[in-house]
Structure formats: C-alpha cells, structure tokens
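Quick notes on the structure that follows.
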Amino acid sequence: MKLRILAFLLIATAATALAHEFWIFPENFFPKVGDKLAWKIQVGEDYMGERWGGGSRRVERLRLLTSKGEQNLTATIQQSDAQVEPPAFKIEQAGTQMLVLETNNSFIELEAEKFEGYLKEDGLQLAIDYRQKNGEQQKIGREFYRRCAKTIMQVGTATNDLPTQPTGVDLDIIPLQNPYAMKPNSPLSCRIIYNQKPLANAMVRCWRRVNGKTEVEFQQTDAKGEATFALTKKGKASYMLSSVHMVRLTGDDKADWQSLWGSVTFGVR
C-alpha cells in the first residue's frame, strides 16, 4: 500500500530496536580550506546515534569526492576485528564535496515476530508479501546486510553538481539538487538507485535534527525512483535521507535475504 505522509512528524520514542539507521556525521558540514576535519560513523534510531563499533574489518571502501576527482581513503581507516577508527582528513580545496563509505556483508538472524516487525517498520513490502505467499510468517529471518553511507559538505560559497551524480554504490540515494545551492524553503527531491537502476516503491525517510529534537518525513518513490520532501523548516539543522532495500536470495545455505541500507547527510544553516 502506498505510503504518503506529507507533514513532518515529531519522533518521541523509538519505534523498534531493529530499525537502526547508519550514517556519516562530520564535525562540521561547512569546513574551511585547511581545516582538519573529524567525522563519525553513527548507528542508531531517530537520527540520534552512537559511534558505530565496526569490528570484523567491516569497512570495504571509503572515498572522498571533489570537483577535481576521487580520492581513495580506505587505507587511512584504522580497523581491526574489534573496532574501526575514522581518520580526520585535511580540507584541501573549496566547493561541494562528499565522503562515501561502504561496508561488506554481515549476517543477522531474528526470530519470526521481530523479523516481521522490522520488515513492516522499514516498508519492505515485497519481503512481507513473499513470506505471506510462501507461508513463511513463522520462519526465522536469516539476512545478510551491508550499508552505503554518504555525507555532503560545503567548503566556501562555490557549489557544484557533485551531490546529484551517482557514486556507484549498490543503494545510492541521490539528491536531484545540491542542498547547498537551493533557495530557502525549497523542496528537495532525490532518486534511489539500486544496482544502477531507479528503485520504485521504496520507502525513504527525511530526518531533520535541530535543538536536540528529531523530526521525520516519510515518502515512497515513484516509478522513476524519485521522492520529494518539503524541507520548509528554517534555521540551522542537520538532515539525513535514508532507505532500505531487501531482495530474496536463492541457493544460499546461510541466509534467505540480502538487505542494503543507504543514507546521505547534509547541513542547513
């Protein structure tokens, strides 16, 4: 069933312990040339996360994208079987730029009731329908999952179209406008790309966090994989777009499902 909630809703409590978002959060969305920028990998609910522990050498690739090209920073991450430490990096040029991080696969197994609740919370209707059609509602959920996270930063006043371009990750949330080039109170549209193709009927969340409070707007992508959000609030805030996609696996002895989690963060001032 198509989900359309056009107003921002105040998040008071966590809906479920299973709906953990994953995102990159820079120390400053508006750094200056020459700054040594620290950043965090966060996981949690309601855009109020804690530091992601990583472990098992989960980071597969980290890139810095600027108007001059792409820099592979994967080797700069300090990761072990127990933790991951994101490296601060120097801002060397002006303009809009992005950090893009991808993890490798991890496995999770959930009892049937919790798995069904997780599918409903994240709008994964295809998986719900499959389990109903095949009598699997009481079957445990065995799932591989991996994550794709981006953050968009603005250095100085010169903007570019970098945020509107695909980055090649498996689940790519692509703003159709550079958030830092938009007029105040303008809506923001995005396109969800899965395996380089637009993803229709995907639930997308737009999170806004300001003054210790989180609000979220839900939309569902159209046939072109696109959704539009109001972003009409004024004042300094941090935003995140997030989405999850799940596909059925065949012939895998360990897992029945593969999920992909995507996010992109940016600031408004």
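The values are calculated or read from the model by the stated rules, or taken from the named source; none is laboratory data. These numbers come from a predicted model, not from an experiment. Here the Cβ positions follow ideal geometry from the backbone for every residue, glycine too, while neighbour counts run over all protein chains shown.
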Item checked: Residues within the stretch 201-238 that are surrounded by 19 or more Cβ atoms within 10 Å (Cβ to Cβ), in contact with a Pro (Cβ under 9 Å, 6 or more places away or on another chain) and assigned to a loop (DSSP other than H, G, I, E, B), tallied -> 3
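Quick one: would you say residue 160 is touching a residue at least 40 places away in the same chain (Cβ under 8 Å), at positive phi and either assigned to a loop (DSSP other than H, G, I, E, B) or buried (at least 20 other Cβ atoms within 10 Å of the Cβ) (or both)? Give the derivation first.
Values: touching a residue at least 40 places away in the same chain (Cβ under 8 Å): yes; at positive phi: no; either assigned to a loop (DSSP other than H, G, I, E, B) or buried (at least 20 other Cβ atoms within 10 Å of the Cβ) (or both): yes.
Judged against the criteria, residue 160 is not a match.
One line per residue, one yes/no per condition, for (1) in a strand (DSSP E or B); (2) in contact with a strand residue (DSSP E or B) (Cβ under 9 Å, 6 or more places away or on another chain):
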{"position": "60", "(1), (2)": "yes, yes"}
{"position": "64", "(1), (2)": "yes, yes"}
{"position": "81", "(1), (2)": "no, no"}
{"position": "93", "(1), (2)": "no, yes"}
{"position": "102", "(1), (2)": "yes, yes"}
{"position": "132", "(1), (2)": "no, no"}
Check: Which ones in the stretch 198-246 are closer than 24 Å to residue 183 by Cβ, among the charged types (D, E, K, R) and in contact with a Leu (Cβ under 9 Å, 6 or more places away or on another chain)?
Finding: 205, 208, 215, 217, 226
Next item on the list: Hey, could you check the stretch 107-138 for residues that are of a type in the set (Gly, Ala, Ser) and touching a residue at least 24 places away in the same chain (Cβ under 8 Å) and say which is surrounded by the fewest Cβ atoms within 10 Å (Cβ to Cβ)?
Entry: 112
Next item on the list: Check off (1) among the basic types (Lys, Arg); (2) within 19 Å of the chain's Cα centre (by Cα); (3) crowded, with 17+ Cβ neighbours inside 10 Å for residue 142 and give me the number that stays unchecked.
Entry: (2)
Next item on the list: Name the single residue, out of those in the stretch 239-252 being in a strand (DSSP E or B) and not small (Gly, Ala, Ser), that is surrounded by the fewest Cβ atoms within 10 Å (Cβ to Cβ).
Entry: 248
Checklist line | Matching residues, the stretch 180-196, being modelled with pLDDT under 95 and closer than 30 Å to residue 127 by Cα | finding: 188, 195, 196
Notebook entry, point to check: Just one of the numbered conditions (1) of a type outside the set (Val, Ile, Thr); (2) over 30 Å from residue 161 (Cβ atoms); (3) surrounded by fewer than 16 Cβ atoms within 10 Å (Cβ to Cβ) is not true of residue 70; which one?
Noted result: (2)
Checklist line | Qualifying residue in the stretch 10-20 (condition: at pLDDT 50 or above, in contact with a Phe, Trp or Tyr (Cβ under 8 Å, 6 or more places away or on another chain) and either under 26 Å from residue 153 (Cβ atoms) or part of a strand (DSSP E or B) (or both)) | finding: no
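Based on this model, can you work out whether residue 142 counts as farther than 24 Å from residue 84 by Cβ, basic (Lys, Arg) and part of a strand (DSSP E or B)? Before you say what the answer is, go through the steps one by one.
Numbers: farther than 24 Å from residue 84 by Cβ: yes; basic (Lys, Arg): yes; part of a strand (DSSP E or B): yes.
Taking the combined requirement at face value, the residue satisfies it.
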Next item on the list: Taking the residues in the stretch 253-265 that are touching a residue at least 40 places away in the same chain (Cβ under 8 Å) and more than 11 Å from the chain's Cα centre (by Cα) as candidates, determine which candidate is surrounded by the most Cβ atoms within 10 Å (Cβ to Cβ).
Entry: 259
Notebook entry, point to check: When both residues are 6+ apart or on different chains and their Cβ atoms are under 8 Å apart, which pairs have a first residue that lies in the stretch 168-179 and is over 22 Å from residue 103 (Cβ atoms), and a second that is at pLDDT 95 or above and assigned to a loop (DSSP other than H, G, I, E, B)?
Noted result: 178/159; 178/160; 178/161
